[in-house]
1. Would you list which lysines come within 16 Å of residue 48, measuring only between C-alpha atoms, while excluding same-chain residues fewer than 8 positions from it?
2. How large is the helix-only mean residue ellipticity at 222 nm for the chain, computed as the sum of -39500 (n - 2.57) over DSSP H runs with n ≥ 4, divided by its residue count, in deg cm²/dmol to the nearest 500?
3. Heavy-atom accessible area of residue 252 with all protein chains present, probe 1.4 Å, nearest 10 Å²?
4. How much area per residue is accessible in the chain when the probe is 1.4 Å and only protein heavy atoms are counted (Å²)?
5. Relative contact order of segment 33-146, please, whole-number percent, based on alpha carbon pairs below 8 angstrom and at least 6 residues apart.
6. How do 6, 400 rank by accessible surface area computed with a 1.4 Å probe, from largest to smallest?
7. What does the charge dipole of the chain about its Cα centre add up to, to the nearest 20 debye, if the Cβ of each Lys and Arg holds +1 and the Cβ of each Asp and Glu holds -1?
8. Below 8 Å, C-alpha to C-alpha, sequence gap of six or more: please give me the relative contact order for segment 405-503 in percent.
Amino acid sequence: MTDPIDLLIIGGGINGTAIARDAAGQGLSVILCEKDDLASATSSASTKLIHGGLRYLEYYEFRLVRESLIERERLLRAAPHIIRPIRFVLPHHQGLRPAWLLRLGLFLYDHLGGRKVLPPTRTLDLRRDPAGTPLKEEYKRGFAYSDCWVEDARLVVLNAMDAASHGADIQTRTEVTSARRDGALWAIRLTNHKGEHQTVKARALVNAAGPWAAKVRDMLEGTGPRQADMRLVKGSHIVVPRFYEGEHAYIFQNSDGRIVFAIPYEERFTLIGTTDIPVSSDPDAHAGCAILDEEVQYLCAAVGDYFSHQVTPKDVVWSFCGVRPLYDDKAQDASAVTRDYVLTLDGDSNNAPVLSVFGGKITTSRKLAEHSMALLLKTMGRKARKWTATAPLPGGDIADAAFVAFIAYIQKDYPGIPSTLINRLGYAYGTRSRQILGKARTPVDLGMHFGADVYEAELRYLIKEEWARTGDDVLWRRSKLGLHLDADVRKAISLWMANAVAD
């Protein structure tokens with residue numbers, strides 16, 4: 001039995017890793033346990049947006065929208081390699097929300113969060129503006145506003161990397177199988193994927209298990225009655241070949257009151273989502289969930305109301321879905337359930353505390369972690385230090401966030417490496433791409449070539465620095481290379497990963 005640690009965190013999604021980062025940076029000894037891979041559930045199944053949540057204004061979620069808008073630009077500065085500005089086009093639909101209401105909402109959206117970097121909203125004549133070209137002729141007027149796009153699973157990994165750089169112990173494929181409060185400490189039993197057991201004592205516990213948060217909360221021994229309830233809502237997305245020009249995205253009103261996005265994705269594709277379907281409260285029943293035929297039909301029909309080009313189920317090249325763990329605010333409509341987060345604290349300095357996280361979204365993860373640490377450190381008789389708001393994430397230390405200049409600078413240093421590879425590595429790893437390229441003068445120096453621009457050096461980096469262990473970790477979470485590589489190459493990468501990890 002080792003000495004007690006300060007904090008054990010259950011859950012390797014965006015909230016768990018953000019809390020681990022904040023805590024480790026304040027000098028706490030931290031262990032984070034994730035039963036699968038980092039971002040293996042909800043945090044890799046989002047719509048890939050860092051945004052304020054325009055539609056949340058309809059539900060008077062002004063604090064959430066304001067906090068999200070402020071965080072949007074903070075995160076953009078912290079990780080300009082994986083977070084990029086994007087313009088959204090919102091066509092006015094004559095039969096739905098009136099134009100004046102859209103203008104009012106966008107005015108608030110521009111001003112609630114103290115926008116400094118992103119361009120403001122403007123009105124569009126869709127009969128003349130290029131953004132109207134792919135739309136049906138009936139859409140004559142619209143609006144363009146700003147938000148950001150993110151590599152969601154990479155954001156999780158970067159938080160874990162930064163936590164580890166400050167001393168946190170990140171244990172993937174390790175499950176908390178029991179946790180018992182023993183006075184001022186938690187006695188926690190961990191079991192890894194090999195069946196090996198470990199017992200840890202911790203002064204505080206964080207339950208950031210996402211869809212499994214309520215299940216974990218009920219497992220903890222010695223806690224009081226449940227303080228919050230959760231609703232699970234399934235969200236599904238489809239990916240189709242790109243069918244319109246331009247780097248802008250679209251946001252469409254739907255007749256059922258929901259909104260649907262169409263977003264440029266991975267250069268050659270368009271991402272369309274999302275659905276909101278209430279599901280049962282058992283998260284294990286939805287592990288590895290698949291999109292339903294009716295969800296595909298719904299998304300195709302939703303964008304078909306606006307685009308001249310009709311998207312059909314036959315166009316779908318990939319789909320993914322996740323279960324969102326939302327705080328149950330008793331709203332009847334799943335789309336109206338709050339995306340805000342709720343933190344519940346049970347215990348104090350004499351009765352080992354556990355903080356449970358319910359709800360939340362990627363955009364507010366850093367702020368959620370800051371709030372969490374304020375609550376936890378208070379039970380330890382300490383005052384939290386706010387440090388993450390201006391700290392770059394790994395690879396994000398790019399001068400003035402000038403990404404184009406950064407890419408050109410790397411290309412100058414590696415003239416023998418193809419520009420396509422430099423560009424991809426730069427967008428995925430930022431300044432850390434140099435750790436992959438090393439002293440390479442030509443692609444041959446990067447080791448085995450698997451196809452396209454994937455080389456052994458990148459896979460070794462992902463194993464060593466980013467906890468990648470399987471082909472899926474590399475192809476579908478640390479990247480979306482799976483969309484670009486054929487089945488034989490994907491199989492070869494998975495086999496190489498299995499052998500490399502076994503060694």
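1. 234, 361, 480
2. Values: 12 runs with 144 residues, N = 503.
Mean residue ellipticity, 222 nm, calculated: -9000 deg cm²/dmol.
3. That residue has around 0 Å² of solvent-accessible surface.
4. On the way: 21130 Å² over 503 residues.
That works out to 42 Å² per residue.
5. The normalised contact order for segment 33-146 reaches 27 percent.
6. Details: 6 30, 400 150 Å².
Descending order: 400, 6.
7. 1180
8. Computed value for segment 405-503: 19 percent relative contact order.
The values are calculated or read from the model by the stated rules, or taken from the named source; none is laboratory data. What you are looking at is a predicted structure, and each value in this text was computed from that prediction instead of being measured. Glycine gets a Cβ as well: all are built from the backbone with ideal geometry, and neighbour counts include every protein chain shown. Heads up: the accessible areas ignore ligands, DNA and RNA and are worked out on the full protein's heavy atoms, side chains in. Shrake-Rupley method; radii C 1.70, N 1.55, O 1.52, S 1.80 Å.
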